[in-house]
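Right, one structure below, let's go through it.
The values are calculated or read from the model by the stated rules, or taken from the named source; none is laboratory data. All figures in this text were calculated on a predicted structure; none of them were measured in a lab. Cβ sites come from the backbone with ideal geometry, for glycine too, and all protein chains shown count toward neighbours.
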């Protein structure tokens, strides 16, 4: 069984071949070889160092919340998309 997790792109290498992503306060370099048309601030589905595809903020937020509920991810709030609403 494999697990892919959403991560937010914080920087893209000038060559466009790799990016820095942030997840739960951890920054990691990942390959962009499998995705097109991504930008800083986009969410990608990450697996073993590769961005597999681009996700909407809504899908990333739902997935990260489920992973947090399972207790598999801590302190990911810094990477969760900011949503409006009453509070």
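Under the condition of being out of contact with any helix residue (DSSP H, G or I) (no Cβ under 6 Å at 6 or more places or on another chain), assigned to a strand (DSSP E or B) and buried (at least 18 other Cβ atoms within 10 Å of the Cβ), the residues counted in the stretch 39-53 number 4. Going residue by residue through the stretch 29-38, is there one that turns out to be assigned to a strand (DSSP E or B), at pLDDT below 95 and either exposed (fewer than 12 other Cβ atoms within 10 Å of the Cβ) or in contact with a helix residue (DSSP H, G or I) (Cβ under 9 Å, 6 or more places away or on another chain) (or both)? For the stretch 29-38, residues assigned to a strand (DSSP E or B), at pLDDT below 95 and either exposed (fewer than 12 other Cβ atoms within 10 Å of the Cβ) or in contact with a helix residue (DSSP H, G or I) (Cβ under 9 Å, 6 or more places away or on another chain) (or both): absent.
Inside the stretch 9-26, residues that are at pLDDT 95 or above and surrounded by 11 or more Cβ atoms within 10 Å (Cβ to Cβ) make up a count of 9.
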